[in-house]
Amino acid sequence: MPVRLARVGALVCGAALCAIPVTAQTPPAAASDAPVITRDPQVTQALDTVSPARLRADDERLVGFGTRNALSERSPSRTRGIIAARDWIAARFREIAQASGGRMTVAFDAYVQPATPRTGRPVAVSSVVATLRGDDPQRGLWVMSSHFDDCNGDCKDPVGDAPGADDNGSAVSGVLEAARALAPLHLRGTLAFVCFDGEDQGLWGSQHYAKTLRAAGVRVEGNLNNDIIGASVAHDGRSVNDVARVFSEALPLGAVPRTVNLIGTENDSPSRELARAVREIDAAYVPAVQDQLIYRADRFLRGGDQESFTAVGYPAVRFVEGAENFDHQHQNVRVENGVQYGDLPRFLDFEYLAHVTQLNVAALATLALAPAAPVATLAAKKLGYDTTLAWNVVPAAASYEVLWRRTDEPTWTHAKNMGNVTTATLPLSKDDWIFGVRSLDAAGHASVATYPTPLLR
Ligand SMILES: [Zn+2]
């Protein structure tokens, strides 16, 4: 991947100035043996730095570029169009990188998208990537993403106003804020904060990035994609400021043998386990927003950059606000019959956006602090009343937890820490329950759960 850029600048907003309280909130009490995420003071401290005021300022700055249509890339303007916006995002990341002690680097992932019948010409595409190097080179990469391109009512219009405050200035602001919150932290895993180009034109930037990582053999442990996360009022005026939708695909077509599919993995793809992990982390850290887990890759007629990751076999989820208003997406800015159309900052709720950003920060920090997920198997060569699981030794893991739930339950309902062992037999029928295994370090940071592959022969 083309990599160039360096770091300069300084943080612009202290935690005390912009803090919103989360540490004062108490997560709901859990049932007796329900899985629980241990709260880490350094994570709650990072969450407390997330600032609605800064999210608003960054979002309004992005809107100020007039249009961020990907086809505006030939504009020579330094104040209007996607290149001006791209350079501003890169400069923001370079400021943020100052707090990382040299561990965060900023780069463009640039290439030329060949002409299509729709575009009629090649398009220079450049996504912005800030990478925060983890302390453990054995651990993989976690990607928090957004897209910074946008559209008005005509995605081929490179000159007309396209404010894109919610789609997707909201998530670009969120990615910048998450990078700012996490830059000082030392995590095991490496984090990438990405603002993709060309999403509205066909997931261009994310496809290039995910394929490049795959070709380079990079182990992406998960992608948290954020697209339209800043508004909290539904089309009918309802306030939905306490829900974030988290979409996760089922098993990718052809990803597992049909024999395995038949015995219950269809609801336990790596993306879905990631979604369940996000919900547990949410319950521990950001009770102001509930995850609504949606067991679909995305909404009808819509898509997102997370699909570029799942297409090459990486786990990915998408965050979307609880209720969208389509009058405020991909619309020319206008008033029609007294109705204001257009994707304008006035329709955003920056407190809500701060909570969704905190949810991303908590998930990234927890999962990148945790040991890697184990590789697990389930003994299924003969009939039996118990269930025996086995897994590998994971570096930095101090113990392993077995999770289970009824086959018709959407999320894990039971957990048991088995200690520092690599096999466990539970007095539960493998026919009646779904199992998972996850690894924990000494401080209790838990990996995403692994669905154990049944050993049938
Ligand atoms: Zn979008």
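The values are calculated or read from the model by the stated rules, or taken from the named source; none is laboratory data. All values reported here derive from a predicted model rather than from experimental measurement. All Cβ positions, glycine included, derive from the backbone under ideal geometry; neighbour counts span all protein chains shown.
Considering segment 108-137 alone, what residues qualify as being of a type in the set (A, V, I, L, M) and crowded, with 20+ Cβ neighbours inside 10 Å? Step through it out loud before you land on a result.
So the first thing to find is which residues in segment 108-137 are of a type in the set (A, V, I, L, M), and the list is 110, 112, 115, 123-125, 128-130, 132.
Correct list: Val123, Val125, Val128, Val129, Ala130, Leu132.
Considering only residues that are among the acidic types (Asp, Glu) and surrounded by 24 or more Cβ atoms within 10 Å (Cβ to Cβ), which ones fall in segment 138-196? If you could, list the steps in order and put the result at the bottom.
Kept after step one, since they are among the acidic types (Asp, Glu), are these residues of segment 138-196: 149-150, 154, 157, 161, 166-167, 177.
Correct list: Asp149, Asp150, Asp166, Asp167, Glu177.
Give the number of residues within segment 394-428 that are closer than 30 Å to Pro137 by Cβ and polar (S, T, N, Q).
Residues meeting the conditions: 5.
Just give me the residues in segment 360-383 being polar (S, T, N, Q) and more than 16 Å from the chain's Cα centre (by Cα), in sequence order. Talk me through it step by step, then tell me what you get.
As a first pass, look at segment 360-383 and keep what is polar (S, T, N, Q): 360, 366, 377.
Of everything in segment 360-383, just one residue is polar (S, T, N, Q) and more than 16 Å from the chain's Cα centre (by Cα), namely Thr377.
In segment 190-205, what residues are within 16 Å of the ligand (Cβ to nearest atom) and within 17 Å of Val106 (Cβ to Cβ)?
Applying the first criterion (within 16 Å of the ligand (Cβ to nearest atom)) to segment 190-205 yields 194-205.
Scanning segment 190-205 gives Val194, Cys195, Phe196, Asp197, Gly205.
Would you check if Asp291 is of a type in the set (D, E, K, R), in contact with a Lys or Arg (Cβ under 9 Å, 6 or more places away or on another chain) and modelled with pLDDT of 95 or more?
Values: of a type in the set (D, E, K, R): yes; in contact with a Lys or Arg (Cβ under 9 Å, 6 or more places away or on another chain): yes; modelled with pLDDT of 95 or more: no.
It is false that Asp291 is of a type in the set (D, E, K, R), in contact with a Lys or Arg (Cβ under 9 Å, 6 or more places away or on another chain) and modelled with pLDDT of 95 or more.
Can you name every residue in segment 206-245 that is within 19 Å of Phe326 (Cα to Cα) and either in a helix (DSSP H, G or I) or within 16 Å of the ligand (Cβ to nearest atom) (or both)?
Residues of segment 206-245 that are within 19 Å of Phe326 (Cα to Cα), as a first pass: 226-241, 243-245.
Scanning segment 206-245 gives Asn226, Asp227, Ile228, Ile229, Gly230, Ala231, Ala244, Arg245.
Looking at this structure, is Asp305 closer than 22 Å to Leu367 by Cα, within 16 Å of the ligand (Cβ to nearest atom) and touching a His at 6+ places or on another chain (Cβ under 9 Å)? Reasoning before the result, please.
Numbers: closer than 22 Å to Leu367 by Cα: yes; within 16 Å of the ligand (Cβ to nearest atom): yes; touching a His at 6+ places or on another chain (Cβ under 9 Å): yes.
In short, yes.
Within segment 136-189, restricting attention to residues that are within 16 Å of the ligand (Cβ to nearest atom) and of a type in the set (Val, Ile, Thr), which residue is farthest from Val123 (Cα to Cα)?
Val175
Just to be sure I understand, how many residues within segment 411-432 are modelled with pLDDT under 95 and surrounded by 14 or more Cβ atoms within 10 Å (Cβ to Cβ)?
1
Report, by residue number, each residue of segment 270-309 that is in contact with a Pro (Cβ under 7 Å, 6 or more places away or on another chain) and surrounded by fewer than 23 Cβ atoms within 10 Å (Cβ to Cβ).
Restricting attention to segment 270-309, the residues satisfying the condition of being in contact with a Pro (Cβ under 7 Å, 6 or more places away or on another chain) are 270-271, 274, 280, 283-284, 287, 293.
Scanning segment 270-309 gives Ala283, Ala284, Pro287, Leu293.
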